[in-house]
Every structure is written in C-alpha cells, then in structure tokens.
1. Go over the candidates 97, 54 one by one and state the one that is touching a strand residue (DSSP E or B) at 6+ places or on another chain (Cβ under 7 Å) and within 22 Å of residue 5 (Cβ to Cβ).
2. Could you tell me whether segment 9-22 includes any residue that is at positive phi and open to solvent by less than 50 Å² (accessible area, probe 1.4 Å)?
3. Those residues that are open to solvent by 30 Å² or more (accessible area, probe 1.4 Å), at pLDDT below 90 and at positive phi, I need them from segment 37-69; list them, please.
4. How many residues does segment 36-58 hold that are more than 18 Å from residue 80 (Cβ to Cβ) and either small (Gly, Ala, Ser) or assigned to a strand (DSSP E or B) (or both)?
5. Here are 91, 111: which of them is outside any helix (DSSP H, G or I) and more than 14 Å from the chain's Cα centre (by Cα)?
6. What is the one condition in (1) under 15 Å from the mean Cα position of the chain (by Cα); (2) surrounded by 11 or more Cβ atoms within 10 Å (Cβ to Cβ); (3) not in a strand (DSSP E or B) that residue 102 does not satisfy?
7. Scan segment 23-35 and tell me whether some residue there is surrounded by 14 or more Cβ atoms within 10 Å (Cβ to Cβ) and in a loop (DSSP other than H, G, I, E, B).
8. Counting only residues that are among the hydrophobic types (A, V, I, L, M, F, W, C) and touching a residue at least 12 places away in the same chain (Cβ under 8 Å), how many does segment 1-15 have?
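The values are calculated or read from the model by the stated rules, or taken from the named source; none is laboratory data. This is a predicted model, so every value here is computed, not measured. With ideal geometry, Cβ positions are generated from the backbone for all residues, glycine too; neighbour counts draw on all protein chains shown. Heavy atoms of the whole protein, side chains included, go into the accessibility calculation; ligands, DNA and RNA do not. Shrake-Rupley method; radii C 1.70, N 1.55, O 1.52, S 1.80 Å.
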Amino acid sequence: WTHYSKCFPGKKNGNHKQPNAACAKKFLDLEIELSLPEYIVLVGANSVKFVMKTNLLDAIHNNENNYKNNKPVICLTHPSCANNGHKKDSRYRYEETVERIRELIENIGNRNIDE
C-alpha cells in the first residue's frame, strides 16, 4: 500500500492543495519497482495518470490489459465522498472493479505457501 502523494502539498485558503507529480516522480516508480508487487491497484485519477499515462476512465475500461513492470494493474475511481457520482456512473465500473480486486486477493490467499 502506498500513495501517489509523497509530499504534503501545503494549504491554500485553509484547504489542502492538490498533490503534484514532483514527489511522485522522485519516489513512486522506484517504490513500485523495489516492492515487487504481484498486482498494482491504482486508486484515483492522479495515480492512474502518473503510472498508466492515460486518463482514469480509459484505464478502467482497459483493466483486463493494464500492466506496469509486467504486473497486472487494476484502476479504480477514488472512493471518497467527492467521487460518489463515479460509483453510480456505470462507465466507471466501480462494483465490477471492486469485485475483481476481491477475486485477486482471494487467489493470493488460496495459494500454497511454497508457490
């Protein structure tokens, strides 16, 4: 588990600023490479754009064929209150994507320890 935002972006008018890519460029690709993940789950438009170099909706529609460092990547809208509309919009395949993540987790948990 990691985050796109690697540095606190600061505040403006009392609210947090949107994270920028500067710290992600410095740390995130290396972190993914060194952690040797079996799967990558990207949550939110910023992380999808950074890792997959495409927009969120296109990445979600290509979930069966998304790869980074030869590892399967699943893209998902951020489940925050701000994105509740995405959960209900069938184009974002929210429930389908959550179910795919559950299946992957179950497959990992069902493997022999020697695998």
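1. Exactly one of 97, 54 is touching a strand residue (DSSP E or B) at 6+ places or on another chain (Cβ under 7 Å) and within 22 Å of residue 5 (Cβ to Cβ), namely 97.
2. Checking segment 9-22: at least one residue is at positive phi and open to solvent by less than 50 Å² (accessible area, probe 1.4 Å).
3. 69
4. Qualifying residue count for the region: 1.
5. Sole residue among the options that is outside any helix (DSSP H, G or I) and more than 14 Å from the chain's Cα centre (by Cα): 111.
6. (2)
7. No, that holds for no residue.
8. 1
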